[in-house]
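Please read the structure below before turning to the comments.
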Amino acid sequence: MKHTPGPWEIREEEYDETLGYLEPTIIANADLDKGLIHEIATIRIGLEETPANACLIAAAPELLEASKKLVNEVSSMMGAPELRQMLGNTNFAVLQERWEQMRATIARADGK
């Protein structure tokens, strides 16, 4: 499974007269000069959190890419005994737990 490449951005919020609230739309690959817009999602919650939800969704491609890079870098260090010695057993266990959580979340985002 492959997602629409980023960057994604928030198109100006639109007021829906029927629903009575603002609807931010997440778009990608926008070429507004040519009138091309690829809509990813429209947030129709109408809650106080709507703008924050739109920001989170728009940042998803960059968050995923940065997470993959971090997991790969940490993966190359996890087998080094020096890392455990440097961090201590407790801190190493916390790092390992967070690393595994991030790997699982990346797999979920990739549809695995």
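Which value, in debye to the nearest 20, gives the size of the charge dipole of region 63-109 about its Cα centre, when Lys and Arg are +1 and Asp and Glu are -1 at the Cβ? Provide the component values of the computation, followed by the final result.
Details: 6 positive and 5 negative charges, 27 e Å.
Computed charge dipole of region 63-109: roughly 120 debye.
For the pair Val71 and Val94, how long in nm is the line joining their label points, each one 7 Å along Cα→Cβ?
Computed distance between label sites Val71 and Val94 equals 2.2 nm.
How much FRET efficiency would the formula 1/(1 + (r/R0)^6) give for Ala104 and Leu47, where r is the Cβ-Cβ distance and R0 is 30 Å, rounded to 0.05? Present the calculation step by step, with values, prior to reporting the outcome.
Details: r = 28 Å, r/R0 = 0.95.
With R0 = 30 Å, the Cβ-Cβ based efficiency is 0.60.
Kindly rank 77-89, 99-111, 57-69 from highest to lowest mean number of other beta carbons found within 10 Å of each residue. Numbers along the way, then the final one.
On the way: 77-89: 10.8, 99-111: 12.6, 57-69: 15.2.
Highest to lowest by the protection proxy: 57-69, 99-111, 77-89.
Taken together, the values in this text are just the output of simple stated rules run on the coordinates, not laboratory data. This structure is a prediction, so every number in the text was calculated from the model and none was measured. Backbone-built Cβ (ideal geometry, glycine too); neighbour counts: all protein chains shown.
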